Structures are given as C-alpha cells and as structure tokens.
Amino acid sequence: MQAGSTARLERIRSMTDNYFFWQGLRLVPMGAALMVVAWRWSAWWPLTGPTSDVVTYAALALAVWGSVVVGRYYRRSFGDVRAMPGAHARRNALKWLIVYPLLVASMVVDGLLKPPLFVTGPVWGAGTLAYWWSTGRGRPHYVVASGILGAFGLLPLFGVFAPGTAGLAPFFAVLGAIYMVGGVLDHLELRRLLRPVVPGGDTSTV
Amino acid sequence: MSILTALSACRSADFLYLQRLTGLSKGNLSSHLAKLEEGGLVRVEKEFVGKIPVTRLALTRLGRAGIERHWQRLEALRRDALGWHPEV
C-alpha cells in the first residue's frame, strides 16, 4: 500500500471517528453568536436595558437552532455515522472535568486579579489545541488559531488593552471569527474526503 | 479498504456516507458491499427514518478483528521501515 493511500485511510478513520466535529459549518452560527456577545461587551453596542439581553439571548438561541439545521444538511448531503458507544468517554470526562473549568477559571482570573498578561488567551489557545488533538487532528488551521489566541495574552503588555476584562470583547470577536473561518475550513476538508456523488459514474476505487 | 476503515471507526454508517467516501455509483457500491457481506465482514441493516428507507452498514465481529489485524500489521511495517538503515 502506498504512503499516500495509507495517509488517506488514516484521515478517513479520524474523520469517521470524529464526524460530528468535522461538520464545520455547524460552528459558523456559533461564531456569529460569539461576535454578537463581543459586540455587546464593546463600547459600540447600541442597545440598553432588557432589549439588550433579549437580543443577545435571541442571537445565542438562533445560533443553536442554526447549528441543528446545519446538522440536518450534513445528514442529508453527506450521510450519517453513529459513533461507537463509549468511544470518547475519556475525552468527554477530560473536557468537562478539566478543560471547561480551566476556560472559565481563566476569565475569572482576568476579571478578579487583573494580571499583566491576558490569561484567557493562552488558556483558550491550549484548549483549542486540545480540541484539535482530540478530534482527529488533520486540520492545521486549529494549530494556527491556537497560536493566535495564545498571542492574544501578550497584548496588554503592548498597551493594546488594559489588563482585566477589557480584553474580553476583542477576544470573543477574534474567537467568533476563528469559529467561522475554522468551520469553513473544516467543511472544505470534509468535502475533500467525501466527494460528490456522481450519478452512474465511478470516480474512485474502494 | 476505505469502507472497512470507515466502518472500523464507528458503530455504523449509512449508504450515502460510504458512497461519498468511495466515489462509487450506487450499483457498484452495492456490489462491493454484497461481497463484503458474503465474506462475513459487513452486516447490512435496513431501517426507516420517517418514511424514508435507510441502509446502514456495520462491521461484524470478524470484520472488526480483520481490519484491526490489518492496521496492526501496517503499523509494524511502518515501525520496521523507520528503523531500517541501508548497509554501506
């Protein structure tokens, strides 16, 4: 077997094992919602009072609904895969017990202690790297995204924003953009492996 | 190999997923799957999602053991190749 075809088989295995996470367009509405949250935390948010909350929660609800609709599109257009029961129990446990608490804790540290570095940046960067590593690797844009989020932590040192919560709005705007761009690139990678069905014609071998 | 590799990484996959993965026509993929089923490597399940019939494929125990053996052999070959040095 040639090295190229072995690499393709390994990608197929990774993608099938992590099919949900490779359905990149699911991330696009979530990215848009994160950008709305960032906008809300910025000085340019035009709304005040309860309307402000309603619009923010509506954006989040719309993002969840959009993600579900995109999931249906993937099932209809690319097919359905049922995961092996318990295959990712360890990943899920690490996610809920370590990664998510660390993500929240980093924001709390920035909010309460106002350290000279924006701690949320490198912690979420490491979280992005863990996400990439645990969902089949292969998509190098997440390594770049992790670097961008990590570098965000240095910005208070250069006076781009003050230490503390001032960094949260621009950070969530960048995170939203990463979700959107990363999602589109995931989708393109999925399309490279799951080629369009050619009626009556065979484009490959088994 | 694509079909067996994909099925080894999940509990089951539907026909459309395998068709997109292999780029084969419906008839050709059905023929491949029939041979794999005859060989006892793949199990074919029919079900309805609403009113739409869906064909799902899963590896049998024999198929899963076979593909695992294949990947282990491939891994051993790769390790050997990495450790090989030409004699001068």
Notebook entry, point to check: Looking at the range A:69-93, which of its residues are surrounded by 11 or more Cβ atoms within 10 Å (Cβ to Cβ), free of Cβ contacts under 8 Å to residues at least 40 places away in the same chain and away from chain B (no Cβ under 14 Å)?
Noted result: A:Val69, A:Asn92
Check: Can you find a residue in the range A:113-130 that is more than 19 Å from the chain's Cα centre (by Cα) and loosely packed, with under 13 Cβ neighbours inside 10 Å?
Finding: yes
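Based on what the data block shows, is A:Leu9 within 14 Å of another protein chain (Cβ to nearest Cβ) and hydrophobic (A, V, I, L, M, F, W, C)? Lay out the reasoning, then the answer.
On the way: within 14 Å of another protein chain (Cβ to nearest Cβ): yes; hydrophobic (A, V, I, L, M, F, W, C): yes.
Here the answer is yes, as A:Leu9 does meet what is asked.
Tell me which residues, restricted to the range A:144-161, are within 17 Å of the chain's Cα centre (by Cα) and either surrounded by 17 or more Cβ atoms within 10 Å (Cβ to Cβ) or not small (Gly, Ala, Ser) (or both). Before the answer, list the steps.
Of all residues in the range A:144-161, those within 17 Å of the chain's Cα centre (by Cα) come to A:144-150, A:152.
Residues satisfying the conditions are A:Val144, A:Ala145, A:Ser146, A:Ile148, A:Leu149, A:Gly150, A:Phe152.
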Notebook entry, point to check: Would you say A:Leu149 is within 14 Å of chain B (Cβ to nearest Cβ) and under 21 Å from A:Pro29 (Cβ atoms)?
Noted result: no
Notebook entry, point to check: What is the number of the single condition among (1) under 21 Å from A:Tyr73 (Cα atoms); (2) at the interface with another protein chain (Cβ under 10 Å from one of its Cβ atoms) that B:Lys51 does not meet?
Noted result: (2)
Check: Within the range A:162-171, how many residues are surrounded by 22 or more Cβ atoms within 10 Å (Cβ to Cβ) and within 16 Å of A:Ala32 (Cα to Cα)?
Finding: 1
Check: Failed condition for A:Ala162, given (1) more than 30 Å from A:Met15 (Cα to Cα); (2) of a type in the set (Gly, Ala, Ser); (3) in contact with a Phe, Trp or Tyr (Cβ under 6 Å, 6 or more places away or on another chain), with all others met?
Finding: (3)
Next item on the list: Test each condition in (1) loosely packed, with under 12 Cβ neighbours inside 10 Å; (2) under 17 Å from A:Arg13 (Cα atoms) for B:Gly50 and report the one that comes out false.
Entry: (2)
Next item on the list: Inspect the range A:175-193 for any residue being more than 14 Å from chain B (Cβ to nearest Cβ), touching a Ser or Thr at 6+ places or on another chain (Cβ under 8 Å), over 30 Å from B:Ser30 (Cα atoms) and without any contact (Cβ under 8 Å) to a residue 60 or more places away in the chain and give the result as yes or no.
Entry: no
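Could you check, for the range A:14-30, whether at least one of its residues is more than 30 Å from B:Gly50 (Cβ to Cβ), touching a residue at least 24 places away in the same chain (Cβ under 8 Å) and out of contact with any Pro (no Cβ under 9 Å at 6 or more places or on another chain)?
Taking the range A:14-30 and keeping what is more than 30 Å from B:Gly50 (Cβ to Cβ), we get A:14.
Filter once more, so that each one left must be touching a residue at least 24 places away in the same chain (Cβ under 8 Å): A:14.
Filter once more, so that each one left must be out of contact with any Pro (no Cβ under 9 Å at 6 or more places or on another chain): A:14.
Yes: one or more hits.
We did not get these values from a lab; they are worked out from the coordinates using the rules stated. Everything quoted here is computed from the prediction, not taken from an experiment. Cβ sites come from the backbone with ideal geometry, for glycine too, and all protein chains shown count toward neighbours.
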